[in-house]
Amino acid sequence: MVQDSNYKVKSLSPAVSAFQFHVKTPSATSSLGQGDGLLKISTTSNTATTSHSNSNSEDYFNSSKSYQSSPSTPTISGKEGYVYKDQLIILDEETRLKLTHMGQLPLDAEWTFWYDKFVPNLPASDYESNLKVISTAKTVQKFWSIYNNIDGPDRLGFRSNYHFMKTGIKPIWEDPQNEYGGSYNFKINKQQSSLAWRDILVLLIGEKVEDWIKNTVFGVSVSSRQHVDNYQIWTAHHNKNIQDSIVRAKLEELLYPADIQSFYFKMHKTHADFQKPTTPTSAHSPKTDMAASLSRPIEMRRKITEESIERVVQDIENASVIEAKLEAESKAFQLLQKELALVIESRQRLESQQQENELVNTEFEHLDEESNIYKLIGPVLVKQDKSEAATNVKNRLNLISSEIKRVETQLNDLTKKSEAKKNEIGQLQMQYQQVAAKK
């Protein structure tokens, strides 16, 4: 791997990061690189962002529509690598091929992206109903499909929030899983926030936090402010055996060059707005409670939002599947063409031999019975009977004719297969263009 000498690459799983970028697209199809024709969900100033103008694009969080072309996070043109600490890391060919051909890579835990828009003077009791589920990721590929299609925290509306939580746990203090827990709180400068957000997410899905934080981590939240963004890493409890300064130092190391400010730990119950659940903890089912707690209109809007983003994600995944098939079929077509060329060459060689032996046979027919026939065996000329020699030539002609028929049959078969494969590739290209056009 290539890396900046100023940084030591941590043990982030290459599988987690390798799928941030799509596999290189065949030349016959459109590129699926980051930012190329992919719908980007925007949460800033009532906007929805898309890299190509599309009047039918849906604003998932607000009623008005406008479109901007600037991406929220830096884009890298590399197709064979991934980003670590804002550097392009190049995977060796063997690792890259292994990763891109091993299919869906399941995450150790299922994670859910949440969003809530800032509403002035919203009562604390209404905070939960303002939460919206964006989508849920069970695999590495699904995670990057979602991440690459929503804006980063630098484009969040003022005081609005993103949350990334283990599925079944809501980003509220009163959730049964969070009730006795707390969070590590800190600030990061606005210009460093998007990269820090990405690195924290990768650390979480790569299960690279709990080992050194010595705690059960439920997720992370980011809240937009004017010059800095506020971060919270949610934990199951407060581990008094590990000092806050140690956790801060480790985060500074992992998120470098992001500058971590105002670092502290706070228990959820100590917040003034903490509201004790009115129902017993044992009565809560995190997964079913998520939907039941929302009023009907908000539930419907949440489903529309989730389903809309799921369609975008599904289109990306469908395009990736078609792209892989297209690449495989193109390789198969190339192999057929090579085999076809070899068979044509073999037929030409046999036809040349046939012509030579037909000439010899014609000459034998004009010789009288007393003519001397000599056959070259190695360096020695051996006298041969004319009738025997003529019989040998005819036998060779019969053998060559039989071989030519076999090769002709093989040639016809390969030609049909080649045409069928060519048509199949054409259909896949049309399917790919149709899916790509949706974005």
Of Lys142/Lys166; Lys117/Lys269; Lys138/Lys187, pairs whose Cα-Cα distance is over 19 Å: Lys117/Lys269; Lys138/Lys187
Footprinting proxy, Ser402, Ser135: sorted fewest to most Cβ within 10 Å, the residues are Ser402, Ser135
Please state the shape class of the stretch 315-365: rounded when a/c is under 1.5, otherwise prolate if a/b exceeds b/c and oblate if not, all from the C-alpha gyration tensor. prolate
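When a/c is below 1.5 the answer is rounded, else prolate if a/b is larger than b/c, else oblate, so apply that to the stretch 191-239 with a ≥ b ≥ c taken from the square roots of the Cα gyration tensor eigenvalues.
oblate
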Taking 7 Å along the Cα-to-C-beta vector as the label spot, tell me the Asn185-Ser387 distance in nanometres, rounded to one decimal. 11.4
Amide H neighbours of Phe118 at under 5 Å, excluding residues fewer than 5 places away on the same chain, with H built from the backbone geometry, are Ser160, Asn161
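What list do you get for Tyr256, Tyr147, Tyr264 if you sort them by fewest beta carbons within 10 Å?
Tyr264, Tyr256, Tyr147
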Taking 56 Å as R0, compute the FRET efficiency from the Cβ-Cβ separation of Ala249 and Glu339 and round it to 0.05. 0.35
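Each value in this text was obtained by applying a stated rule to the coordinates, not by laboratory testing. Keep in mind that what you see is a predicted model, and the values were worked out from it rather than measured. A quick note on method: Cβ atoms are made from the backbone with ideal geometry, for glycine too, and the neighbour counts reach across all protein chains shown.
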